[in-house]
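Q: Just dropping this structure here.
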Amino acid sequence: MSTIYRMACRNLGRNAKRSMVTGLGLALALTLCMATLALMDGLSQELIQGTTEGEVGHVQIHEPAYLDSRALRSTVPADPKALAALRISGVQALSLRLYAFAYLSHGTRSAGVQLMGIDPEQEAAVTVLHRKLSQGEWLAALPTPWREAQALDAQQQATDQALTEAAIARAFARLEGRSQAASAAGTPAQLQDPSLALAEQLAPGPSRRPGVVLGVKLAANLGLAADAQGRWGQTLGLLVESAEGVQSHLELEVRGVLQTGLDHQDRSRLLLHVTDLQKMLQLPGQAHEIALRLAAPAQADALAAELQARLGDGQKVQSWSQLRPDVLALIAANRALMGTLVFIVFLIAGVGVLNTMLVSVMERQRELSLLKALGLAPSKVLLLVIAETVLLCLAGGGVGLAAGMGLSLWLQLHGLDVSGFGEFSLSGVGMAPVLRGQLSIASAALPLLMLILISLLAALLPASWAARLTPAAGMRAQ
């Protein structure tokens with residue numbers, strides 16, 4: 001066996017330039033494939049991390065019908081007792097959220113917005129939403145003080161009853177087609193102003209304007225900008241309907257702007273303290289969504305199943321992969337595409353190996369025929385050509401492996417800056433402006449094994465041809 005490998009080394013060295021060019025081609029193919037796989041692994045990790053840390057979390061809890069209906073009343077308990085029951089082993093932090101749609105105005109401009117109520121401290125422990133703050137200040141840790149509601153006395157209840165009856169009369173008047181004057185007659189003018197006072201007494205507003213954070217594009221659409229000192233503080237008007245169907249108008253104060261990189265959020269999202277939104281919607285101790293952060297993200301599916309068994313059918317517990325199957329599908333599609341590209345690259349490299357070994361065998365017909373005439377078995381000739389291929393692959397693979405690991409490590413530390421192409425997202429997940437690789441054993445071993453396999457398959461043709469060569473015919477070759 002050692003003789004065969006010594007002969008293989010001698011044969012490769014007889015045409016050093018050709019062997020070097022082929023080996024460098026194999027090394028280049030391996031280097032580029034390793035770097036590509038490292039970038040793909042880094043992109044997959046970025047997608048998963050962007051999904052879980054961006055807003056989804058590792059596990060979410062909803063009312064079973066909420067994600068389909070987005071109904072305001074489809075909530076889950078979020079009082080201290082209910083939240084304490086969720087802090088099982090493996091749960092690092094949790095954040096409750098409340099959502100609603102409203103109408104926002106500033107001066108002569110207005111826009112429909114999605115309200116998202118969060119607890120700033122809880123949210124910071126689950127996601128990195130606070131890091132998306134572009135300008136200004138983040139939400140205050142404590143909610144806005146609200147005035148206490150007061151019960152109606154007997155006289156106020158009578159006034160409220162009269163207002164209700166008048167509203168019913170106006171509704172019937174419109175249905176029956178009576179004139180506006182007739183319908184308005186059912187409402188004494190002295191009862192119109194007290195209605196506002198009664199509503200304020202039953203559902204009082206905040207003692208000061210609640211602070212909010214807007215999406216950067218929403219702020220631009222409303223004509224908002226920081227002053228020369230970089231301060232905000234503008235007053236906004238908000239028209240929102242509570243879970244009881246009562247519309248109310250409140251004034252808000254801008255604290256800062258948020259830039260997530262996702263157009264639909266930057267254009268329509270308004271953040272405020274969850275307690276303030278609970279007051280506005282009249283949903284105390286309730287949440288539409290509870291996001292959990294786990295100590296071991298890989299256990300998300302198992303922990304979601306455990307929580308589902310504990311909470312029962314009244315609440316729906318889902319892991320991030322169940323909530324975002326599109327992200328998993330995108331990662332699988334990207335890996336399949338990269339696998340196909342790697343195979344094509346190595347197939348081309350295999351053709352180069354085939355060409356090199358075929359030319360080498362044809363040049364040495366007389367030599368191989370003489371060896372067979374002296375008693376060298378055809379299997380030994382086959383082994384000799386394969387040994388040359390293996391040595392060539394190991395030399396080129398060693399250089400490519402070192403270069404590939406170096407390039408992958410550089411991509412992991414420094415990355416590729418793609419900020420010049422602008423903001424972009426994949427499957428609704430905002431991506432960082434720098435694409436980083438992730439060096440792993442798989443991204444190094446898989447290309448190397450594929451390179452050796454394809455090269456050996458490519459060498460079978462010239463090796464089998466050399467093994468079948470007859471000494472008499474080979475000796476007559478020029």
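The values are calculated or read from the model by the stated rules, or taken from the named source; none is laboratory data. For clarity, every value in this text was computed on a predicted model and none was experimentally measured. Positions of Cβ are generated from backbone atoms using ideal geometry, with glycine treated the same way; all protein chains shown enter the neighbour counts. Just the protein is used for accessible areas: all its heavy atoms, side chains included, with ligands, DNA and RNA removed. Shrake-Rupley method; radii C 1.70, N 1.55, O 1.52, S 1.80 Å.
Q: Taking the conditions exactly as written (crowded, with 22+ Cβ neighbours inside 10 Å, under 30 Å from Asp326 (Cα atoms) and within 29 Å of the chain's Cα centre (by Cα)), does Gly50 satisfy them or not?
A: For Gly50, the condition - crowded, with 22+ Cβ neighbours inside 10 Å, under 30 Å from Asp326 (Cα atoms) and within 29 Å of the chain's Cα centre (by Cα) - is met.
Q: Within region 229-247, can you find the residues that are without any contact (Cβ under 8 Å) to a residue 60 or more places away in the chain and of a type in the set (A, V, I, L, M, F, W, C)?
A: Val246
Q: Additional query: Give me the helices (runs of 4 or more DSSP H) completely within region 270-360, filtered to those with at least 1 residues that are open to solvent by 10 Å² or more (accessible area, probe 1.4 Å) and of a type in the set (Phe, Trp, Tyr), ordered by residue number.
A: Those helices (runs of 4 or more DSSP H) span 320-323.
Q: Kindly establish whether His58 is in contact with a His (Cβ under 9 Å, 6 or more places away or on another chain) and either buried (at least 18 other Cβ atoms within 10 Å of the Cβ) or touching a residue at least 60 places away in the same chain (Cβ under 8 Å) (or both).
A: Here the answer is no, as His58 does not meet what is asked.
Q: Looking at Leu401, Leu411, which one is at pLDDT 80 or above, within 30 Å of Leu129 (Cα to Cα) and surrounded by 16 or more Cβ atoms within 10 Å (Cβ to Cβ)?
A: Leu411
Q: Among residues belonging to region 214-228 that are within 20 Å of Lys132 (Cα to Cα) and without any contact (Cβ under 8 Å) to a residue 24 or more places away in the chain, point out the one that is surrounded by the fewest Cβ atoms within 10 Å (Cβ to Cβ).
A: Result: Ala225.
Q: Check Ile88, Ile48 and return the single one that is in contact (Cβ under 8 Å) with a residue 12 or more places away in the chain, part of a loop (DSSP other than H, G, I, E, B) and aliphatic (A, V, I, L, M).
A: Within the list Ile88, Ile48, the selection yields Ile88.
Q: What pairs come up if the first residue lies in region 270-285 and is over 15 Å from Ala140 (Cβ atoms) and modelled with pLDDT under 95, the second is open to solvent by 10 Å² or more (accessible area, probe 1.4 Å) and of a type in the set (D, E, K, R), and their beta carbons are under 9 Å apart, counting only those six or more places apart or on different chains?
A: Matching pairs, first to second residue: Leu281/Glu241; Leu281/Glu244; Gln282/Glu244; Leu283/Arg73; Pro284/Asp79; Gly285/Asp79.
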